[in-house]
Amino acid sequence: MQVRDYNSNNWFKNRRSLFRLLISALLLFSLSLSLLTLVQHYFTAKLSGYHFYSLTLCLLVIQYFVHRIPLSFGALISFFAFAGSSISLAYLSDDIALAFLSGALLPLMLRYVLPPNLVLLSIPLWLTLLMVVHSFRVEESLLDELYNHLLALSYALLVFVTIAVLFNRIYLLVLDRELKENSELSSEFLDNYQMHQHFDWLSNKNEDGVVRVYGVYIKKLLESVGKSSESSADLQQTVSQFNQLLREVAPTGASIARLENGIYILMSERRFWDTFELGLRTLKSEAADLSPVVVSTDTPNDSIDLDGALLNLDTVFARAIREKADFARFSLRDREHLNNQTDIKPTEVSRAFENNEIQMFFQPKVNIQDNDRLVGAEALVRWIHPERGLLTPKSFVELIESSSFRLKFIHTVLEQSALFCETMKQSGLPISVSFNLSANDLQDLRVIYELSQIQEKYGFSAGELQIELSEQETDVSLDNLKRSLEAVKELGYSVALDDFGTGMSSLAYFQNLPADTIKLDRAFIKDIHTNPLSEHLTQMVVGLSKTEGLNVVAEGVESPMEAKVLLALGVNQIQGYLFGKPMSPSEFLNFYGLELLEDE
């Protein structure tokens, strides 16, 4: 299970190594100039190049932090540090040729930020800037400066372009080597079988049998799983760079597994825990632009086998996302959370989508102001599990939403809801169909794209499909959420505020979000016929909604007495067991005596 040493000293194994060499060269150059100024000061008692000291200090700081900052960011900082020194030299020194020379390596740093064509374009702009600064210093016109230093400018332009072109060749060669190296690294990650074998070997290796399992989650990479055919070259390059970086920071000889859903798994016996965690914290600083989340769990303390450990990691990751933490370890809170859920494994989720076990059920909505006429239905997800039976969302939705199957799950919800809406139209009883999306879903451009594709596919009229947004989930900026809702309304969807009245900011949502419908939570309804306060609150919400032209839906209605009070208060629609439980599409059609009219 050992792999070769990826931490061997090699200046040109990747672009970061090349950058470190470049910084070292610049530092040596700066130190040399600083030394020359000291010698000059010693012999002439004139300190004319003191600005090099600040450059040297800046490069020393960059050299120290080069392992801890993103590559492009480090190159940009180096560029500004060196450029500032060159500009000050052009202003303070009479020798413009020296100012030109001091910036000869600037194109090298720009290459980490810009494509080669833009680097070449920046060279004459940079030299012109130095000429302007120097002309201001000597109080001559720019044309006179250009004439006086035309030869120096020509040589400088030739040197700059030559260095830029040659370094671009080196840069591309190193990049090609890096991509090839990472292609080999990807193939060397352990597969699922090897990962289990390695875990068993570590468990049996020591007397205590304790193995710490680390999971490295990168949201950007997780969300790309299943869309490899659509992956851009930039994404592939990002994956390759991260693979290389993970190999570099992991202890020499460490075995790394990469699951099909894009999660990286590392395992360590007790004596190497400190080494592993030091490397993973270095990973966090060097891959800051990807914001990796590192979680861990121990066996056999937290789980008896590797599959249990993987489930623990998913649970810890979900908590880390909620708490916005970069590092998290399995705790008693996570144990309590798992005990309140079914012991569903990630492999079961994958199988569920393959076998179409995730299905939408539909609960009727009736208009009590129009003789209980059927006007709509809410799509409610169920898992038809082959062994556990029919599972409700409480058992599995949180697990799916924190996994790489989140987008596939949303697609399933949208597609089945739209298909049912179309089915009801074909059966001769068109109704509106609503489905649930969270505020975070509506901030995802890929979800917005899915919504647009559904409308393009089925061509629904405005309001035939409705998004139900739970107030409890509106934890994002109201302004951003408002813009997202306006965008989906332009696509033809209506918007309902679900669970209205159960949170702390109902009136703020009511005032700021462009909703079409207010859904009263069951907490208002369950004792409305016996509790005057519930009745008065409902009356207030109905009055406000009617003033704003909004529909009011009461959910969770279970008794005729509740329905009677709601009718008197002016509630438009009712949803609950009094008028029907959640049903499969075929059961729904049979319940209303309908048949699907198929095209000839």
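A few notes on this one:
- Within the range 559-582, residues that are within 12 Å of Ile528 (Cβ to Cβ) sit with their Cβ atoms under 7 Å from residues that are hydroxyl-bearing (Ser, Thr, Tyr), at 6+ positions apart or across chains, in these pairs: Leu569/Thr538.
Rundown of residues vs (1) closer than 12 Å to Ile344 by Cβ; (2) more than 21 Å from the chain's Cα centre (by Cα); (3) aromatic (Phe, Trp, Tyr), yes/no style:
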site: Leu374; (1), (2), (3): no, yes, no
site: Val381; (1), (2), (3): no, yes, no
site: Glu387; (1), (2), (3): yes, yes, no
site: Leu391; (1), (2), (3): yes, yes, no
site: Ser395; (1), (2), (3): yes, yes, no
site: Glu401; (1), (2), (3): no, no, no
site: Glu415; (1), (2), (3): no, yes, no
site: Ala418; (1), (2), (3): no, yes, no
site: Leu429; (1), (2), (3): no, yes, no
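- Which numbered condition Ile256 misses (of (1) at pLDDT below 80; (2) under 23 Å from the mean Cα position of the chain (by Cα)): (1)
- Enumeration of residues in the range 6-25 that are of a type outside the set (Lys, Arg) and at pLDDT 70 or above: Ser17, Leu18, Phe19, Leu21, Leu22, Ile23, Ser24, Ala25
- The residue of the range 191-240 that is modelled with the lowest pLDDT, among those that are of a type in the set (Ser, Thr, Tyr) and part of a loop (DSSP other than H, G, I, E, B), is Ser231.
- On inspection, Thr315 fails the criterion of being within 26 Å of Lys408 (Cα to Cα), more than 21 Å from the chain's Cα centre (by Cα) and β-branched (Val, Ile, Thr).
- Flag set for Asn301, criterion: in the same structural domain as Pro251 (by TED's automatic domain parsing) and in a loop (DSSP other than H, G, I, E, B).
- Pairs are defined by a Cβ separation below 7 Å, a sequence spacing of at least 6 or placement on different chains, a first member in the range 347-372 that is in the same structural domain as Leu390 (by TED's automatic domain parsing) and in contact (Cβ under 8 Å) with a residue 12 or more places away in the chain, and a second member that is among the basic types (Lys, Arg) and in a helix (DSSP H, G or I); the pairs so defined are Phe353/Lys408.
- Residue check for Ile400: crowded, with 18+ Cβ neighbours inside 10 Å, hydrophobic (A, V, I, L, M, F, W, C), in the same structural domain as Glu468 (by TED's automatic domain parsing) and at pLDDT below 90: yes
- Of all residues making up the range 61-93, the number that are touching a Ser or Thr at 6+ places or on another chain (Cβ under 9 Å), of a type outside the set (Phe, Trp, Tyr) and modelled with pLDDT of 65 or more: 9
- Every listed requirement among (1) farther than 18 Å from Ala328 by Cβ; (2) out of contact with any helix residue (DSSP H, G or I) (no Cβ under 7 Å at 6 or more places or on another chain) is met by Glu286 save one, (2).
- Test: residue in the range 581-589 that is farther than 20 Å from Leu481 by Cβ, aliphatic (A, V, I, L, M) and modelled with pLDDT under 85: no
- Residues being surrounded by 13 or more Cβ atoms within 10 Å (Cβ to Cβ) and of a type in the set (A, V, I, L, M) - total across the range 139-158: 6
- Condition broken by Ser434, with the remaining ones in (1) out of contact with any strand residue (DSSP E or B) (no Cβ under 8 Å at 6 or more places or on another chain); (2) over 30 Å from Ile263 (Cβ atoms); (3) polar (S, T, N, Q) satisfied: (1)
- Criterion: assigned to a helix (DSSP H, G or I) and more than 37 Å from the chain's Cα centre (by Cα) - qualifying residue of Gly543, Gly593: Gly543
The values are calculated or read from the model by the stated rules, or taken from the named source; none is laboratory data. Keep in mind it's a predicted model, so treat the numbers as computed, not measured. Glycine gets a Cβ as well: all are built from the backbone with ideal geometry, and neighbour counts include every protein chain shown.
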